[in-house]
Amino acid sequence: ARKVHLDGPYGALGIAEPEHYRVVYLIAGGVGVTPMASLAQHLLNKCPPALERVHFVWTNRGPEAFVEWLPELKQAMLRHQTFRLQLFNTRTAAKPPPEDEILTKHVSEVTDVEEGFEGVVTQGRPDLPALLGAHAGEAGNVGVYVCG
């Protein structure tokens, strides 16, 4: 059995002592990306040396927001070696809307330009137990922040 310590929230949103984390997960659903984007920007501006990886996971119903929202922040995360951007489109449809085709083209262009880009738009939901399970047993070294 795994133990999980949950704490907060206590008012102000922030990453408590980010220098103590080796890995940080910023997980957002829909418009919950707004506070997670703020935390990501903070980590981009002041990335502690001990921080090895930031997983930015964003799920949304439809791909439009991935193209339209936070373009500068997404580009900054793609260029930063510590960040891994993972986008999930939870809309299920027999035939993808035209926006999906535009998004796929956009992501392909970014992949060609940005070396080391491991983020892609995935149809469906993230497997959070698998994602978080990669760091099970590292109490105190992993920070997980969720909104949405």
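Quick grid of which residues meet (1) modelled with pLDDT of 60 or more; (2) touching a strand residue (DSSP E or B) at 6+ places or on another chain (Cβ under 6 Å):
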{"site": "Met36", "(1), (2)": "yes, yes"}
{"site": "Val67", "(1), (2)": "yes, no"}
{"site": "Glu72", "(1), (2)": "yes, no"}
{"site": "Met77", "(1), (2)": "yes, yes"}
{"site": "Thr90", "(1), (2)": "yes, yes"}
{"site": "Pro96", "(1), (2)": "no, no"}
{"site": "Phe117", "(1), (2)": "no, no"}
Fill in: Some residue of region 17-27 being modelled with pLDDT of 85 or more, open to solvent by 100 Å² or more (accessible area, probe 1.4 Å), assigned to a loop (DSSP other than H, G, I, E, B) and farther than 21 Å from Gln86 by Cα
no
Worksheet item: Could we say that Phe66 is buried (at least 16 other Cβ atoms within 10 Å of the Cβ) and either touching a His at 6+ places or on another chain (Cβ under 9 Å) or in a loop (DSSP other than H, G, I, E, B) (or both) here?
Response: yes
Item to complete: Scan region 124-135 for residues that are at pLDDT below 85 and open to solvent by 50 Å² or more (accessible area, probe 1.4 Å) and report the count.
Response: 1
Item to complete: Return a yes/no flag: does region 98-108 have any residue that is outside any helix (DSSP H, G or I), surrounded by 11 or more Cβ atoms within 10 Å (Cβ to Cβ) and either at pLDDT below 85 or in contact with a strand residue (DSSP E or B) (Cβ under 6 Å, 6 or more places away or on another chain) (or both).
Response: no
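The values are calculated or read from the model by the stated rules, or taken from the named source; none is laboratory data. These numbers come from a predicted model, not from an experiment. Glycine also receives a Cβ, built like all others from the backbone with ideal geometry; neighbour counts cover every protein chain displayed. To get the accessible areas, we keep the full protein, side chains included, count just its heavy atoms, and leave off ligands, DNA and RNA. Shrake-Rupley method; radii C 1.70, N 1.55, O 1.52, S 1.80 Å.
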